[in-house]
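*Asks:* After the structure tokens below, expect a handful of questions from me.
The values are calculated or read from the model by the stated rules, or taken from the named source; none is laboratory data. Keep in mind that what you see is a predicted model, and the values were worked out from it rather than measured. Please note: Cβ atoms are built from the backbone with ideal geometry, for glycine as well, and neighbour counts cover all protein chains shown.
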Amino acid sequence: MMLNGTIILELLHQKPGRYIQHDMGLYRMKEADDVLHTDKNGWEYPVEPLAAHMDGRMDEGRLVRDDS
């Protein structure tokens, strides 16, 4: 799945409790109980937005950082 800013926001809004974790330079979309995966050709991959997408959504004010 090719991620872009719009798809990232759609995935977040599809289910309450989804969030994006930033750890050691890597962004990974998660749900309350697990890492969110996407299916590609029969294989599951974690949803990992690029830093450029994340920075762009934060600059637009569409995502906010929770520093907790």
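*Asks:* Exactly one condition in (1) exposed (fewer than 10 other Cβ atoms within 10 Å of the Cβ); (2) modelled with pLDDT under 80 is false for D59; which is it?
*Replies:* If we test D59 against (1) exposed (fewer than 10 other Cβ atoms within 10 Å of the Cβ); (2) modelled with pLDDT under 80, just (2) comes out false.
*Asks:* Assess whether P16 counts as being at pLDDT 85 or above and surrounded by 12 or more Cβ atoms within 10 Å (Cβ to Cβ).
*Replies:* When the stated conditions are applied, P16 does not pass them.
*Asks:* Let me ask another. Write out, first by first residue and then by second, each pair whose Cβ atoms fall under 6 Å of each other, whose residues are 6+ apart or on separate chains, and whose first residue, in the stretch 23-39, is farther than 17 Å from H53 by Cα while the second is loosely packed, with under 15 Cβ neighbours inside 10 Å and aromatic (F, W, Y).
*Replies:* These pairs meet every condition: T38/Y45.
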